[in-house]
Structure formats: C-alpha cells, structure tokens
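K.L.:
Starting off with a structure, shown below.
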Protein chains: 2
Amino acid sequence: MTIDRRSVLAAGVAGVGGLALSGCAATDAAGRAAQTALQGAARARLGARDRVLFQGDSITDAGRSREHAGEANQKAALGDGYAWQAAASLLSSDRGKGLSIWNRGVSGNKVFQLAQRWQQGCIELRPDLLSILIGVNDIWHTKNGKYDGTVAIYERDYDALLVRTRDALPDVALVVCEPFVLRCGAIDDSWFPEFDHYRAAARRVADAHGAAFVPFQSMFDRAAELAPPEYWADDGVHPTQAGAALMARAWLEVVGAISD
Amino acid sequence: MTIDRRSVLAAGVAGVGGLALSGCAATDAAGRAAQTALQGAARARLGARDRVLFQGDSITDAGRSREHAGEANQKAALGDGYAWQAAASLLSSDRGKGLSIWNRGVSGNKVFQLAQRWQQGCIELRPDLLSILIGVNDIWHTKNGKYDGTVAIYERDYDALLVRTRDALPDVALVVCEPFVLRCGAIDDSWFPEFDHYRAAARRVADAHGAAFVPFQSMFDRAAELAPPEYWADDGVHPTQAGAALMARAWLEVVGAISD
C-alpha cells in the first residue's frame, strides 16, 4: 500500500516509478515528498540566513581543508571547486551577508559512504539548504573492480539517504545535482548507456523528494560544443576551474534569489 | 530648461545632478532616460532571442580574436574573460538557445575611444542588450601621462555615448558595469579617492539613462576578504579566471532570467 501510494503520486507528477520502501518513517517521508512534488515546489530557494551544506565526492571536496572544516564561509574549508565558486559569488554579493556555507564532500565517496557519515556530515550541521552531487564513483569504482554496485543499488541508497534526511530535517531544501561526465580522459564508450541510467536515477530521486535538480550533464553537453571537453574537465570527471565556474553559475540559478 | 528638466527628473529618482546637454536629440534621450528611471525600470532583462553586445577595454577584450569578431557565440571571438564566461553560461543552458552574443572590447580604450568606433562597434550591430565596462584607462592613462582626462570628461563623454546610443537604438537594454580595481599590483594609494569619483560618475550615468548597474567594486571588495586581491586580479586591474568568474555571475544576476 505504501509502495503503491508513493508510486501513483510520484508517477503522476514526474512520470517515474516508485521505489520499495518500508517503515513508517519512510512512508511519511515519501508522502511528504510526493505532496511537495504535486505542489510543483521542486525548487530550492536560498533563504537570506540559510545554513548551506555541499555534500558529495571529489568534485565537491576539491581539496578542501579538513583542519578548517568546522569554519563556515572559509575558502580553505570550501575547497577549490564549484562549491567554493558558488560560495564566493554569494558571499561577495549583498545576498550572502547572512549565509553560513560548509563543504563536506569527500573524495572517492559513493552514495553508501555518504550514508555512513551522514549523522556528523549532514544531520548535525542542520542545513537549511542541502546540495548533493554523488554518483560518478558508484559507476566508476564498479567498472574498475573496486565496488560491486548497480544502478538499482545507487537509487535505493540515494532514496534512503533522502528519506533519512527529511525525517531528521523536515524543512530542509534539497538540491540534487546531476552526475555528469565529459567525453575525454577516463571516459570512453564503455560508460554508456550505463552512465545515463545513473543520471536518470538521480533525477527520479530528486523528483520523488521534491528536490531541485541541477542538470549538469545537459549543461556540459552544450558547453562541449563551445570549447573542447578537456577545457571543462581534463580527465572527463573532475572539472577545471572553467568547468567549476559553469557549475557554480548553474547551481546559483537553480537556488535562485534569496528570499527572507 | 532642458538641463533643468533632466536634472529635476534624474535627481528625483537617483539623487544625481544633471549634466549639461544641448540639442534636440540629447533632450529627447534625456527625457526618455529620466522617464525610464522614474518607472523604476533600471533593470536590463535579457530576452530569449536577444542580440547581446559586450563593449569596453582590455578587461572585456581579454584576447578575443579580431579575425572571428563577426561570428556570434564563438569562444575565439568572445575572448577569455568575463564576457566569454557569461556567454558560456548562457549558451550552455536552456536560456541561451536563441541568443547571439558578441564582444567588441578593445584593450587600452577610454570612453572617448569607444565613441570613435561606436558606429561600427555598436550601432551597426543593433544589440538588444548592450553592456559596457569602461573607465580604468581613463584614470590610469592620465596618471601615467598618456592621456589628459578628468572625471568630468569621463562623465561627459560617457553620457554623450549613451545619448547617442539611445537615439540610434531606442529600445536597447543598457548595462553599465562599475569600473573596479583591487588593491594590489599596479594599484596603490595614489589612485584614491580619485578612482572612487570615476566609479560614482559611472553610477550617475547609469541612473540617468535607466541602465542596470553591475556593482563590481563592492563585489571585489568583499571577495578580497575571502581570498587575497591577487587571487582575483593579479595586477589589480585585469581579472584572473577566478575574478572573471565572479564578474560573470554578478553580470548574469543583474540581467536576470530570460523573458520572451
């Protein structure tokens, strides 16, 4: 019944099938998510005094300092990637005066590893806006034999993570960033169409939880028509400064203007 | 009477004094500008199929190819600075599908030199949205003996340029970018408070013509609290890629979402 309710609601909104969930917490969260989606509220609007948390893998980590991790709004703690660039833009404008911005991305992480460190790495930080970019390692580490994952496992784990997040932080605004690759460096034809299924799974998870979605793949696909893929991410996975700038701008657009 | 009318209208809106203008064209343009300002319309909203033109000095030029200057939306023609970065962001999003974007910045230019090449460099391109960043050479070249300018000359020339622009392109959306410096490299205490007067003049010109204003100086002042000034512009004048990224995002924010 739980599954059906969610499936019907979610499918009605976003054309996606539901995932098998059990337990009251999951039921409630799924109900809330579907309701949110039905209201067409899958936008994460940044508030003027929000606590903002970036989570993910190496693309988010981007060499951030662990020593300074507890300090909001510090360049060292924010790394040198899109999270820092988005933060720098916010903090250098009138909009950013009241924000507190953290980065807790960890290189190499897959979605189950976010779950392992979620209490300290997310819940206890009490973000008002939580942005997650995860997925490229879920496929990459499976391809190179370091992990035994599938799209279904990725989607199940990702969904469970957001159910748990909503239970602990009912009012959190969620941003799900689309995993992306560029066709150069480590990325060859063997990644497709499997990688596209991971992207689609991230989209379904976003829709099911009323999360805003940042369409990085379509953005980079078009960017690769303007400049070679290596210009945006020389190994096909990790963005250059130019790639990170593009991501930061797309992310800022999705979270929109600050409202009080 | 002309002067008085404009002064009163402009002062009523933006608290700025009027400039001495003569001739019917100037009168009409000033009247239109004041009316625009009175309507609170000093926003330049980017339209879905706009022709966009970046104009200015080396900061806009940023090594653009003259050979490809006639081709819209080409990286080579857009240089490697904030204009390219803003264009890349627009062109890699759904918003950018119908846009045509040019860059005609020329290194070393002062405002009177824009005027000398304005017919070909602006009017004949018929932009729907025109963005101008000019001013740092007006003071710099005066300080180093290459030019004999003053704030009053800068403001007079800049105002005349926008009067002429509005006469030729009555519906153009104008963006006036604030000249800026960072306190490093070529910039020492001798630049102040003189440079602040140039910034204030640009602001007055923007207000008088109903132009959107991009507050680059306050943005960089705050950015310099996040990372050293050299990180944003190593010589204090020409932005690094990080500085250009910050400018592109601020610029995109000012021109806002595309509306049909």
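No lab work stands behind these numbers, since they all come straight from the coordinates. Only a predicted model underlies this, so the values are computations on that prediction, with no experimental measurement involved. Here Cβ is always computed from backbone atoms with ideal geometry, including for glycine, and neighbour counts include all displayed protein chains.
K.L.:
Percentage of Cα-Cα pair distances in region B:107-206 greater than 22 Å, rounded to whole percent? If you can, show how the numbers build up before the last one.
P.N.:
Values: 1425 of 4950 pairs.
Percent of Cα pairs beyond 22 Å in region B:107-206: 29.
K.L.:
How large is the convex hull of the C-alpha atoms of region B:201-260 per residue, in Å³? Can you show the working numbers first?
P.N.:
Working: hull volume 5.7 nm³, N = 60.
In region B:201-260, the Cα hull volume divided by residue count equals 95 Å³.
K.L.:
Using DSSP to define loop residues, name the trypsin sites (Lys or Arg not before Pro) in region A:151-207 whose beta-carbon has at most 10 other beta-carbon atoms within 10 Å.
P.N.:
Details: sites: A:Arg156, A:Arg164, A:Arg166, A:Arg183, A:Arg199, A:Arg203, A:Arg204; in loops: A:Arg183.
Answer in residue order: no site qualifies.
K.L.:
Largest first and to the nearest Å, give the Cα extent of region A:40-174 along each principal axis.
P.N.:
Reported extents, whole Å, longest axis first: 46, 34, 25.
K.L.:
Closest approach to the A-B rotation axis by any Cβ of A: residue and distance in angstrom?
P.N.:
Output: A:Ala245, 2.
K.L.:
Taking each residue in B:213-222, count the Cβ atoms of any other chain within 10 Å of its Cβ, then average. What number comes out? Let's see the in-between values first.
P.N.:
Values: counts 0, 0, 2, 0, 0, 3, 5, 1, 1, 7.
Partner Cβ neighbours, averaged per residue: 2.
K.L.:
Lysines within cross-link reach of A:Lys143: Cα-Cα under 27 Å, excluding same-chain residues under 8 positions apart?
P.N.:
Qualifying lysines at Cα under 27 Å: A:Lys110.
K.L.:
Could you line up A:Cys122, B:Cys184, B:Cys177 from fewest to most neighbouring Cβ atoms inside 10 Å?
P.N.:
Numbers: A:Cys122 24, B:Cys184 18, B:Cys177 28.
The order, fewest Cβ neighbours first, is B:Cys184, A:Cys122, B:Cys177.
K.L.:
Going by amide H atoms built from the backbone, whose H comes under 5 Å of the H on B:Ile101, apart from near neighbours?
P.N.:
B:Val52, B:Asn73
K.L.:
Tell me the distances, shortest first, between A:Pro228 and the same position across the other copies, using label points 7 Å along Cα→Cβ, in nm to one decimal.
P.N.:
Label-point separations across copies, in nm and ascending: 3.2.
K.L.:
Now, a different point. At q = 0.18 Å⁻¹, what is the log10 ratio I(q)/I(0) for region B:136-260, with the Debye formula run over Cα points and no solvent?
P.N.:
Each listed q maps to, in turn, -1.05.
K.L.:
With r defined as the distance between the Cβ atoms of B:Arg117 and A:Ser107 and R0 fixed at 51 Å, what FRET efficiency is calculated, to the nearest 0.05?
P.N.:
On the way: r = 50 Å, r/R0 = 0.98.
Rounded to the nearest 0.05, the efficiency is 0.55.
K.L.:
Using DSSP to call loops (not H, G, I, E or B), can you name the chymotrypsin sites (Phe, Trp or Tyr not before Pro) in region A:160-260 whose Cβ has at most 10 other Cβ atoms within 10 angstrom? Each step should come with its number before you reach the end.
P.N.:
Values: sites: A:Phe180, A:Trp191, A:Phe195, A:Tyr198, A:Phe213, A:Phe216, A:Phe220, A:Tyr231, A:Trp232, A:Trp251; in loops: A:Phe180.
Nothing satisfies the criteria.
K.L.:
Just need log10 I(q)/I(0) for region A:156-207 at q = 0.16, 0.24, 0.28, 0.30 Å⁻¹, Debye formula, equal scatterers on the alpha-carbon atoms, no solvent, rounded to two decimals.
P.N.:
-0.57, -0.92, -1.09, -1.18
K.L.:
Give the distance, in whole Å, between the Cα centre of region B:96-133 and the Cα centre of region A:129-152.
P.N.:
46
K.L.:
Would you please give the residues with an amide H less than 5 Å from that of A:Ala44, counting only those at least 5 places away or on a separate chain, with H modeled from the backbone geometry?
P.N.:
When sequence neighbours closer than 5 places are left aside, the close amide H contacts are A:Ala212.
K.L.:
Please report the orientation-averaged projected area of region A:58-123, defined via the convex hull of its C-alpha atoms, in nm². Intermediate results must be reported in sequence, preceding the final value.
P.N.:
Values: hull surface 17.8 nm².
Projected area, direction-averaged: 4.5 nm².
K.L.:
Would you mind getting me the FRET efficiency between A:Arg49 and B:Arg45? Use the beta-carbon distance for r and R0 = 25 Å, nearest 0.05. Before the final figure, lay out the partial values.
P.N.:
Numbers: r = 28 Å, r/R0 = 1.11.
Efficiency, from the Cβ-Cβ distance: 0.35.
K.L.:
While we're here: Under a plain spin-label model, where a point goes 7 Å from the Cα along Cα-to-Cβ, how far apart in nm are B:Glu67 and B:His141?
P.N.:
Going from the B:Glu67 label point to the B:His141 one covers 2.7 nm.
K.L.:
Using r as the Cβ-Cβ distance of B:Thr150 and B:Asp171, and R0 as 41 Å, what FRET efficiency do you calculate, to the nearest 0.05? Display every interim value, and only then the final one.
P.N.:
Values: r = 33 Å, r/R0 = 0.80.
After rounding to 0.05, the efficiency reads 0.80.
K.L.:
Just in region A:53-143: which trypsin sites (Lys or Arg not before Pro) are loop by DSSP and have at most 14 other Cβ atoms within 10 Å?
P.N.:
Working: sites: A:Arg64, A:Arg66, A:Lys75, A:Arg95, A:Lys97, A:Arg104, A:Lys110, A:Arg117, A:Lys143; in loops: A:Arg64, A:Arg66, A:Lys97, A:Arg104, A:Lys110, A:Arg117.
Those satisfying the criteria are A:Arg66, A:Lys97, A:Arg117.
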